[in-house]
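Read-outs: derived from the displayed coordinates by stated rules, not from any lab. Because the structure is predicted, anything quoted here is derived from the model rather than measured. Cβ placement follows ideal geometry from the backbone for every residue including glycine, while neighbour counts extend to all protein chains displayed.
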Ligand code: FAD
């Protein structure tokens with residue numbers, strides 16, 4: 001680094017080897033900072049790859065903490081979990097041991113877009129995750145706050161201005177490592193907001209991370225600011241469930257992990273969820289009190305995904321919004337009102353809650369709050385999640401502008417693998433867009449960046465018919481086993497057995513001749529006894545459609561330069577199927593060509609095909 005343009009003058013907060021008066025505490029191959037959803041996966045993945053790894057986090061008792069919703073999975077997110085699992089990651093297995101209500105979303109559509117989802121017992125999840133982490137070979141856990149980075153000269157064969165070689169803790173001690181992974185979530189200069197009150201915190205009850213944020217900024221990283229929020233928590237006994245719509249779990253439960261045939265709890269012992277709605281009185285309370293709501297006052301937009309009730313009221317006035325009342329755990333007395341994220345002053349939150357059907361006598365145990373935090377423009381990282389600016393420094397999770405446990409876990413597993421590969425001087429492990437939702441996520445982030453919390457949807461993947469939850473193992477487990485060694489022998493053998501059983505089943509199907517109408521009837525029934533989570537019907541259903549999908553990809557590639565009419569009014573365009581979100585993005589960006597439109601974050605491949613065909617027919 002000394003040789004490069006960075007000098008100590010420019011980096012007063014970053015320590016250089018030899019600078020520190022504090023004794024060297026320890027040496028590791030990989031240090032992961034942060035024990036959230038990205039950090040646990042990163043640390044476990046690096047250790048599975050054979051690296052001596054340290055997980056350094058504020059508190060051991062918050063490892064695996066679910067900061068917001070008591071659920072995992074969903075549309076697109078469930079796909080990410082299957083892919084994390086295919087690489088022998090943790091979150092899917094832990095969810096199979098900790099869920100209280102398992103339900104597959106989107107069942108009416110084809111299996112390519114089914115969303116595996118479960119309500120999770122927060123306490124159990126944390127316990128099971130901590131047990132797993134504390135029992136992972138080669139993985140050490142240390143409590144402490146990383147305040148600064150230790151930097152050294154870059155390797156000549158690589159670009160990057162300097163190389164990270166360790167971390168300085170708040171107590172002045174140092175940890176040296178070959179690679180460092182930052183997974184600090186919402187903690188970088190985190191500020192919590194309720195009403196007009198703000199105070200520094202990474203999340204409720206936790207200190208923010210200031211020193212590290214300053215170091216990153218001084219190093220020259222482009223830093224942005226994002227916001228998110230969480231709903232109040234309500235006493236279970238104070239809710240009148242008897243007048244609400246009840247949702248029961250699936251029977252049988254579909255496990256998240258490929259290695260499980262079933263989950264830890266029987267469907268009949270699982271907990272229900274209940275549905276209620278907001279009403280005009282809720283809108284009134286929100287609108288009358290905007291002046292008391294600084295999180296919302298600064299901008300009416302707020303996060304598009306997991307939006308607050310205030311932004312829903314402002315964006316879609318006079319509508320009733322769903323509120324799902326979700327259990328927080330088997331023996332928890334709390335209910336999580338999903339859809340009611342709010343930052344009004346606490347007394348107004350309580351007033352708003354009690355206007356809602358079933359919640360007339362609800363007792364608020366903890367108010368909702370917003371959090372504002374620094375994130376790093378993800379265009380500053382490579383597809384292996386290593387930063388361009390500092391060699392061997394990796395970023396994963398919410399720090400990269402994403403939202404959600406699953407998005408964080410997906411990046412964590414990739415960062416952990418690559419941090420380990422870097423130590424071994426092996427080529428990076430990159431998942432492409434054609435191989436997985438992980439590839440879509442990382443490609444979107446690293447090429448397009450994001451200016452709002454990014455979450456995964458199936459619509460973001462142009463190859464979604466081939467990137468199904470049921471075939472994540474055949475896409476990634478073999479690569480994980482052979483190329484990087486992050487997959488256990490047991491999982492590899494199971495995936496091999498599933499693959500050969502499937503191939504056998506498909507060749508049997510192909511050898512039978514029926515009329516197309518009879519096939520249509522039979523295919524949904526086709527399954528072989530290799531686990532409920534792997535229906536043979538899925539690959540059979542999509543065989544011909546995949547061919548069609550490739551044709552669509554070719555079509556867009558051919559017409560990349562096609563000019564879009566300058567006067568096209570996207571907001572009122574009725575003859576083309578585009579979601580409101582896509583219309584808004586096209587309206588604001590006004591792309592000149594189809595190619596430019598396809599590169600706008602959030603404009604889906606399906607939307608591009610529809611727009612392309614519309615423009616071609618009207619020209
Ligand atoms: P986290 O899970 O936040 O983990 C960060 C970890 O890093 C923590 O363990 C922390 O202690 C540790 N850490 C931070 N700095 C340091 C340091 N300097 N030294 C040592 N350790 C450090 N997601 C949704 O999908 N929907 C929502 O509605 C939603 N709402 C949210 C509301 C709030 C208020 C918050 C806080 C989060 C919300 N999230 C939501 C986000 C979700 O919690 C995150 O996406 C997910 O937890 C990110 O995982 P992560 O591993 O990146 O960070």
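Results, tabulated for the structure shown:
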read-out: Distance between modelled label sites at residue 567 and residue 251, nm, 7 Å Cα→Cβ extension; value: 6.2 nm
read-out: Label-point separation, residue 264 to residue 388 (7 Å along Cα→Cβ), nm; value: 4.4 nm
read-out: Calculated diffusion of the stretch 304-361, Stokes-Einstein form, Kirkwood radius summed over Cα pairs, 4 °C and 1.567 mPa s, µm²/s; value: 103 µm²/s
read-out: Theoretical FRET efficiency, 1/(1+(r/R0)^6), r = Cβ-Cβ of residue 105 and residue 153, R0 35 Å, to 0.05; value: 0.10
read-out: Three-way shape label, the stretch 200-310, alpha-carbon gyration tensor, a/c 1.5; value: oblate
read-out: Kirkwood-based shape ratio for the chain, expressed as Rg/Rh from alpha carbons; value: 0.97
read-out: Principal axes of the stretch 380-475: Cα extent on each, largest first, Å; value: 36, 32, 21
read-out: Förster radius 22 Å - calculated FRET efficiency between residue 610 and residue 434, Cβ distance, rounded to 0.05; value: 0.55
read-out: The stretch 238-393 shape via C-alpha gyration tensor axes, a/c threshold 1.5; value: oblate
read-out: Residue order, fewest to most surrounding Cβ atoms within 10 angstrom, among 572, 450, 140, 186; value: 572, 140, 450, 186
read-out: Sequence-separation-based contact order of the chain, relative, with Cα cut under 8 Å and 6+ spacing, percent; value: 18 percent
read-out: The stretch 355-398 versus the stretch 76-138: alpha-carbon centroid distance in Å; value: 19 Å
read-out: Full-stretch length increase - residue 173, residue 426 - with 0.36 nm per residue and alpha-carbon distance subtracted; value: 88.1 nm
read-out: Kirkwood estimate for the stretch 93-215, i.e. one over the average of 1/r between Cα atoms, Å; value: 18.5 Å
read-out: Ordering of 560-570, 193-203 by burial proxy (mean other Cβ atoms within 10 Å per residue, highest first); value: 193-203, 560-570
read-out: Taking the C-alpha atoms of the stretch 28-103, convex hull volume expressed per residue in Å³; value: 99 Å³
read-out: Volume per residue that the Cα convex hull of the stretch 312-464 spans, once the total is divided by residue count, Å³; value: 170 Å³
read-out: Relative exposure of 187, 614, judged by other C-beta atoms within 10 Å (fewest first); value: 614, 187
read-out: Order of 497, 114, 324 - criterion: other Cβ atoms within 10 Å of each residue's Cβ, fewest first; value: 497, 324, 114
read-out: Label-point gap, in nm, between residue 284 and residue 517 - each point 7 angstrom along Cα→Cβ; value: 5.9 nm
read-out: Computed helical MRE - 222 nm, the chain, DSSP H runs ≥ 4 contributing -39500 (n - 2.57), nearest 500; value: -9500 deg cm²/dmol
read-out: Normalised contact order of the stretch 54-207, rounded percent, pairs of Cα under 8 Å and 6 or more residues apart; value: 20 percent
